[in-house]
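Here's the structure we're looking at; comments come further down.
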Amino acid sequence: MKKISVIGGGAAGLAVSVMLARKGIPVTLLERGQRLGRKLSATGNGQGNVTNANMGAEYYFSDDKEKVARLLSRFGEGDTVAFLESMGGIFLPDARGRVYPAGRQASAVTDLFRRELDRLGVTVCLGTQVNSLTYDGVFTLKWADGQMCADAVVLAAGGKAARNFGTDGSAYALAEGFGHTVTPLAPALVQLRCDPKEIRGLKGIRTDAKLTLMRGNSTIFETRGDVLFTESGLSGDAVFRASSYARKGDEVLLDFLPDVAGEKIAAVAERGGLLCIVNNGLGRMLAARGDEVRLVKRFPLTVTGTLGFDYAQVTRGGIPLRETDGSLMSIRQRGLYFAGEILNVDGVCGGYNLQWAFTSAFAVSEGIE
């Protein structure tokens with residue numbers, strides 16, 4: 001029987017380990033950190049947004065969206081919920097389709113995986129950063145104070161985003177050793193930087209707003225949700241969604257009252273300014289800039305960049321899907337598989353990236369016999 005090594009104890013690595021072990025395949029899971037599922041335990045602002053009821057390849061960025069669509073058709077949001085509930089728990093969608101555990105605790109999802117790995121007898125090696133992966137009839141994995149051999153390897157070590165969770169991009173080198181390429185990398189689902197002068201005095205103000213991303217005269221993306229002003233720019237779920245599309249030099253237009261017509265705002269503002277219309281601090285800043293009624297409906301900010309990989313939730317880019325087969329096995333080296341964020345697939349905000357972790361894990365588990 002094949003012996004499988006899974007490199008990476010994040011969502012994809014946990015899922016593929018469980019799926020393989022349920023087939024009776026011996027699995028060793030190697031994680032560089034001292035805890036499994038650290039990033040999974042933080043997802044959805046700690047509430048565990050594991051997938052989305054509104055699922056489709058159109059919510060993803062990749063070099064091969066047709067393959068993403070095919071894989072999602074084999075293991076979609078319903079399959080993810082069924083898989084998670086097979087380990088315990090109840091998972092429910094909110095009004096926007098974001099699926100959470102009923103207890104709204106992401107760390108509890110990680111606990112489900114830990115319990116299932118233990119029940120299945122999966123060998124877990126913590127504090128084990130694989131720094132060498134070679135093949136000579138079998139795979140040899142080496143780390144600082146040890147090594148092991150395996151018949152197949154699943155590389156599920158994440159991307160470059162959120163280094164505090166142990167994903168610093170070093171795992172790409174393991175794939176490059178087998179001739180794989182890595183597409184240009186960029187942070188995604190990340191705070192946007194703006195000119196500090198444009199947001200002076202607004203730090204800490206949070207508001208519901210419609211956000212429109214403009215590139216020249218073209219509308220690139222529109223969304224509505226939470227916008228938080230920070231010292232360097234913008235945060236909040238609406239901003240994270242927009243960040244997947246934003247480039248340096250784009251313009252963000254904020255409508256702070258999308259449900260109220262400008263004419264009504266103007267009529268009320270004539271009597272009492274912007275009191276009880278927008279946050280007082282925001283109102284004072286808009287009044288100081290003049291034409292505050294227009295700015296309530298159309299507040300412009302220029303994107304100067306992002307906060308970078310350390311503050312990003314996911315990585316844009318990675319191992320091209322076109323360098324894998326239908327089971328996400330390498331076309332360069334038989335027996336080498338990829339799952340999760342290390343591949344050139346990233347989704348918009350709302351549970352899509354965890355769905356990809358579980359979908360890719362399923363594809364790999366189906367390919368290994």
- Message: Being at pLDDT below 95 and either crowded, with 23+ Cβ neighbours inside 10 Å or touching a strand residue (DSSP E or B) at 6+ places or on another chain (Cβ under 7 Å) (or both) narrows it down to one residue among LEU307, LEU321, LEU275, LEU328; which is it?
- Response: LEU307
- So ASN49, is it open to solvent by less than 20 Å² (accessible area, probe 1.4 Å), part of a loop (DSSP other than H, G, I, E, B) and among the polar types (S, T, N, Q): yes
- Can you name the strands (runs of 3 or more DSSP E) wholly within the range 146-209 that have at least 3 residues being more than 24 Å from LEU40 (Cα to Cα)? 146-150
- Task: Determine which single condition GLY340 fails, assuming it passes every other condition in (1) out of contact with any strand residue (DSSP E or B) (no Cβ under 6 Å at 6 or more places or on another chain); (2) surrounded by fewer than 24 Cβ atoms within 10 Å (Cβ to Cβ); (3) in contact (Cβ under 8 Å) with a residue 24 or more places away in the chain.
- Result: (2)
- Message: Could you tell me how many of the residues in the range 22-43 are crowded, with 22+ Cβ neighbours inside 10 Å and either of a type in the set (Ser, Thr, Tyr) or part of a loop (DSSP other than H, G, I, E, B) (or both)?
- Response: 6
- Task: From (1) open to solvent by less than 60 Å² (accessible area, probe 1.4 Å); (2) part of a strand (DSSP E or B); (3) of a type outside the set (A, V, I, L, M); (4) within 28 Å of LEU336 (Cβ to Cβ), pick out the condition that doesn't hold for THR128.
- Result: (2)
- Task: For the range 284-295, indicate whether the set of residues that are open to solvent by less than 30 Å² (accessible area, probe 1.4 Å) and within 31 Å of the chain's Cα centre (by Cα) is non-empty.
- Result: no
- Leading residue by the ranking (least open to solvent (accessible area, probe 1.4 Å)) among those in the range 211-263 that are within 20 Å of GLY281 (Cβ to Cβ) and of a type in the set (D, E, K, R): ASP255
- Note on the structure: Of (1) more than 29 Å from LEU336 (Cβ to Cβ); (2) in a strand (DSSP E or B); (3) free of Cβ contacts under 8 Å to residues at least 24 places away in the same chain, LYS142 satisfies every one except (1)
- ASP151, sole failed condition from (1) over 21 Å from LEU328 (Cβ atoms); (2) charged (D, E, K, R); (3) in contact with a strand residue (DSSP E or B) (Cβ under 8 Å, 6 or more places away or on another chain): (1)
- Message: Given the criterion hydrophobic (A, V, I, L, M, F, W, C) and under 19 Å from ALA21 (Cα atoms), identify the matching residue among VAL154, VAL130.
- Response: VAL154
- Message: Quick test for you: out of SER17, SER107, SER73, pick the one residue that is under 27 Å from TYR172 (Cβ atoms) and not aromatic (Phe, Trp, Tyr).
- Response: SER17
- Query: Is there a residue being part of a strand (DSSP E or B), touching a residue at least 60 places away in the same chain (Cβ under 8 Å) and over 19 Å from ASP325 (Cα atoms) anywhere in the range 83-94?
  - Reply: no
- the range 166-217, residues that are within 30 Å of VAL252 (Cβ to Cβ), in contact with a strand residue (DSSP E or B) (Cβ under 6 Å, 6 or more places away or on another chain) and small (Gly, Ala, Ser): ALA186, ALA188, ALA209
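Would you confirm, using the coordinates I've provided, whether MET87 is at pLDDT 95 or above, in contact with an Asp or Glu (Cβ under 7 Å, 6 or more places away or on another chain) and closer than 13 Å to VAL109 by Cα?
yes
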- Can you find a residue in the range 345-358 that is out of contact with any Ser or Thr (no Cβ under 8 Å at 6 or more places or on another chain), closer than 23 Å to SER5 by Cβ, of a type in the set (Gly, Ala, Ser) and surrounded by 23 or more Cβ atoms within 10 Å (Cβ to Cβ)? yes
- Query: Cβ-Cβ below 8 Å, separation at least six or inter-chain, first residue in the range 283-294 and at negative phi, second outside any helix (DSSP H, G or I) and open to solvent by 60 Å² or more (accessible area, probe 1.4 Å): which pairs?
  - Reply: GLY283/LEU275; ARG284/GLY201; MET285/ARG200; MET285/GLY201
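The values are calculated or read from the model by the stated rules, or taken from the named source; none is laboratory data. As the structure is a prediction and not an experimental result, all values here were calculated from the model. Note that we place each Cβ from the backbone using ideal geometry, even for glycine, and neighbour counts take in every protein chain shown. With ligands, DNA and RNA removed, areas are computed over all heavy atoms of the protein, side chains included. Shrake-Rupley method; radii C 1.70, N 1.55, O 1.52, S 1.80 Å.
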